[in-house]
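In what follows, a single structure is set out as structure tokens and then discussed.
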Amino acid sequence: MPESGSKKPRVTFFYRKPRSLGNYSVEFIFKDVANRLKEYIRPRASVSRYESAGVFKRLYNCFEAVFRQGDVNHVTGDVNFLGILLKKRKTVQTILDCVHLHRSTGLKHKVIRFFWVSLPIKRCRYVTAISTSTKEEILKYVPCDPEKIVVVPVAISTAFTRSEKSFNKERPRILQVGTAPNKNIERLAMALRGIPCTLVIVGRPNKIYKEKIKNNGIDLEWLSGLSDEEMIQQYELADILVLASTYEGFGMPILEAQTVGRPVLTSNISSMPEVAGDAACLVDPHQVPEIREGILKIIGDDAYRNGLVSKGFENIRRFDPEIIAMQYLELYRKITDRK
């Protein structure tokens, strides 16, 4: 509880302007945090005027951010360069992942590394990483005091709830969320060859992936532009979630599926084992036979599958929204403590 008569600090949450195509989940994460902390802080959302594209639009967004500062400034990810001109001792930077560094080379890589990672880290009081894996990766790119980087996981949305469903062993509905290159869809298609199932992919359409899936004789449903409610429905309709990615900064679909009560197959690398705990079938995403064997085990072994679901309900307790919100509040209090 705030002290009697004390003034609640103003916390400004800086968000990117949503893109016309391909928005992310950053906004819902921190809007939930802000809402849960209203008893302790005065939250304000600052959405950039322009999309993060081009030098001049990004510069405008940076100068705009200067005039929207609060007692605490929290740059919530993707537009980390916004923090470069903010007051260092009042700024928190959340770095969601380093995937943009993986996908770039040469001069572009150097520019992204400097303006999105190195300089923002230098110009802030704290950095939050959404997994230990992400923290270790940040330190690999930008050596700094490890104590400056605090791991605060992503909370599971309360919109996801337990939903009972009989498992369809004859033709399971396999859900794949996302179509970026790291989602490993081509290997998944090869792994599913000859397994009676329906593969449901949610994400931006991709002709090459569709052709690969067709060539492997797999029934396919490709969905895009789903509302939050429609996305939740797909988890409820699914029999298995597969997230055999080659990289994830966190892996939110793992928790969403576990909350609904679905068995999960995911990768044994990056942040995914950290998020999944012992409540998922872990496989090497580069090995098609391992992915296939894992899927067949979930389909064919009732005790194993039911065990994954039960462990999933236990695992999601670690990601309670109230606990996560209080971890952010602790950081904000360190910044506003003038002692």
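The values are calculated or read from the model by the stated rules, or taken from the named source; none is laboratory data. Keep in mind that this is a model prediction, so the values were computed, not measured. For neighbour counting, all protein chains shown are included, and Cβ atoms are generated from backbone atoms with ideal geometry for every residue, glycine included.
Data overview
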read-out	value
Yes/no for GLY307 being touching a residue at least 24 places away in the same chain (Cβ under 8 Å) and not charged (D, E, K, R)	no
Residues (in a helix (DSSP H, G or I) and of a type in the set (D, E, K, R)) located in segment 305-339	ARG305, LYS311, GLU314, ARG317, ARG318, GLU322, GLU330, ARG333, LYS334
Selection count where residues are within 13 Å of GLN176 (Cα to Cα), under 18 Å from the mean Cα position of the chain (by Cα) and not hydroxyl-bearing (Ser, Thr, Tyr), scope segment 235-259	10
Single unsatisfied condition, SER270 versus (1) modelled with pLDDT of 95 or more; (2) under 23 Å from PRO181 (Cβ atoms); (3) under 18 Å from the mean Cα position of the chain (by Cα)	(1)
Contacts under 7 angstrom Cβ, first residue in segment 205-218 being buried (at least 17 other Cβ atoms within 10 Å of the Cβ), partner of a type in the set (D, E, K, R), 6 or more apart	TYR209/GLU186; LYS212/GLU186; ASN216/ARG193
Residue under evaluation VAL275, criteria (1) among the β-branched types (Val, Ile, Thr); (2) surrounded by 24 or more Cβ atoms within 10 Å (Cβ to Cβ); (3) touching a Cys at 6+ places or on another chain (Cβ under 8 Å), criterion not met	(3)
